[in-house]
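A short write-up of the structure that comes next.
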Amino acid sequence: MVLCTYLNHLFSRFLHFLWKQPDQANKLSTSNMSGLDGVEHKTLKVNGINMHVAELPGSGSGGDPIILFIHGFPELWYTWRHQMTALSSLGYRTIAPDLRGYGDTDAPEKVEDYTYFNIVGDLVALIDAVTGGDEAVFVVGHDWGAMIAWQLCMYRPEKVKALFNMSVLFSPRNPDRVPIPTLRRFFGDDYYICRFQKPGEIEAEFKKLGTEKVLKEFLTYKTPGPLYLPKGKLFKSSENGASSALPPWLTQEDLDYYVTNYNNKGFTGPINYYRNIDRNWELTAPWTGAKISVPVKFIVGDQDLTYNSPGAKEYINGGGFKKDVPLLDETVVLKGVGHFLHEESPEEINQHIHSFFQKFL
């Protein structure tokens, strides 16, 4: 999980692209590994990488509105399984890629290949591919996917009809605070984002601990406070057995799907997103003071540590969020729900997505 509203609010408040037509796309057969009937898996060449894309059609008439789902960490396209099934049945064409570095999408070796610009470039190329290059799409984001969605709307607003974002608030760039040094100063070296900075170090610790253990801890994390990963003591707080059972919304089959993918791909690509935080801060200097100019609905769980991060509630309730996102339609706080709200409360989230997007059809 990105758990990154901590980062955002520390900075600001706490102190043609290649689609090559469907006949040239390398289509993968639909398989039972997804646990979803009718999902079509493709590999598309976009922005210089091979991107794995899962898709469910809507009515099949060819004119269905498109929803692009953008996942976070440590997720995959699979995190959107409930949304894809429900919303495709309502007539939407639902598309969920594995972002670069994740799942069956290419994972470039260089750390600097995982900046905002790289990821947004991938998604613009994907949008052009699925629309023919002249349409906007609906976008749904969560966690790192929410952060990427904010950037997409800032750089290329003409590509987005409306944005439904979850967990991570928009936060304008603070030109006076370099992110990682600021985090170290406030949270110390054991703070998870700080632990992620040295290439190879945390990956080795994750390998020793085991992929299933690591993913289970991240996916079931429901503590409204900062996440610390001290060396040699990763996730020690869970050893009392309290987290031994999976929550009702995450089955062993679901966990196995994530584990298989991360065993094959590893954690380096996803963690490289964190290693570009300072680089992103430097690259986005021209957007200092920029606002989000597309319609937005935002939703977060009250048990999500992003909602409980310093400055988050004040930002929402004090008008700062609305000021930075002028077309903000609504902010919804779900009671008793944690970080992975779209999996924990899928029916409620699906209703919110549909009711919001219906306004623009």
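Tell me which residues, restricted to the stretch 102-131, are within 22 Å of W150 (Cβ to Cβ) and in a loop (DSSP other than H, G, I, E, B).
Y102, T105, T115
So, restricting to helices (runs of 4 or more DSSP H) that lie completely within the stretch 186-238, which ones have at least 2 residues that are under 21 Å from K110 (Cα atoms) and of a type outside the set (A, V, I, L, M)?
192-195, 201-209
Inside the stretch 81-92, can you point out the residues that are open to solvent by less than 10 Å² (accessible area, probe 1.4 Å) and either part of a loop (DSSP other than H, G, I, E, B) or among the hydrophobic types (A, V, I, L, M, F, W, C) (or both)?
Passing the criteria: M84, L87, Y92.
For the stretch 302-327, which residues satisfy the criterion of being assigned to a helix (DSSP H, G or I) and surrounded by 18 or more Cβ atoms within 10 Å (Cβ to Cβ)?
Matches in the stretch 302-327: A312, Y315, I316, G320, F321, D324.
Pick out the one residue from E330, E348 that is of a type in the set (D, E), outside any helix (DSSP H, G or I) and closer than 24 Å to A86 by Cβ.
Of E330, E348, the one residue that is of a type in the set (D, E), outside any helix (DSSP H, G or I) and closer than 24 Å to A86 by Cβ is E330.
Only residues that are assigned to a loop (DSSP other than H, G, I, E, B) and of a type in the set (D, E, K, R): list them for the stretch 153-185, please.
R156, R173, D176, R177
Residue-by-condition table, conditions (1) open to solvent by 40 Å² or more (accessible area, probe 1.4 Å); (2) at pLDDT 95 or above:
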| site | (1), (2) |
| --- | --- |
| K207 | yes, yes |
| K231 | yes, no |
| A242 | yes, no |
| Y257 | no, yes |
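What are the pairs with Cβ atoms under 6 angstrom where one residue, in the stretch 349-361, is at pLDDT 95 or above and the other, located anywhere, is open to solvent by 50 Å² or more (accessible area, probe 1.4 Å)? Sequence gap at least six, or different chains.
From residues that are at pLDDT 95 or above, the pairs are H354/L90; F360/K161.
Within the group I66, I95, which residue is modelled with pLDDT of 95 or more and buried (at least 21 other Cβ atoms within 10 Å of the Cβ)?
Just one listed residue meets the conditions, I95.
Which of (1) surrounded by fewer than 22 Cβ atoms within 10 Å (Cβ to Cβ); (2) modelled with pLDDT of 95 or more; (3) touching a helix residue (DSSP H, G or I) at 6+ places or on another chain (Cβ under 9 Å) is the odd one out, the single condition E135 does not satisfy?
Unmet for E135, out of (1) surrounded by fewer than 22 Cβ atoms within 10 Å (Cβ to Cβ); (2) modelled with pLDDT of 95 or more; (3) touching a helix residue (DSSP H, G or I) at 6+ places or on another chain (Cβ under 9 Å): (2).
The values are calculated or read from the model by the stated rules, or taken from the named source; none is laboratory data. All of these numbers come straight from a predicted model, not from anything done at the bench. In this analysis, Cβ positions are derived from the backbone assuming ideal geometry, glycine residues included, and neighbour counts consider all displayed protein chains. Just the protein is used for accessible areas: all its heavy atoms, side chains included, with ligands, DNA and RNA removed. Shrake-Rupley method; radii C 1.70, N 1.55, O 1.52, S 1.80 Å.
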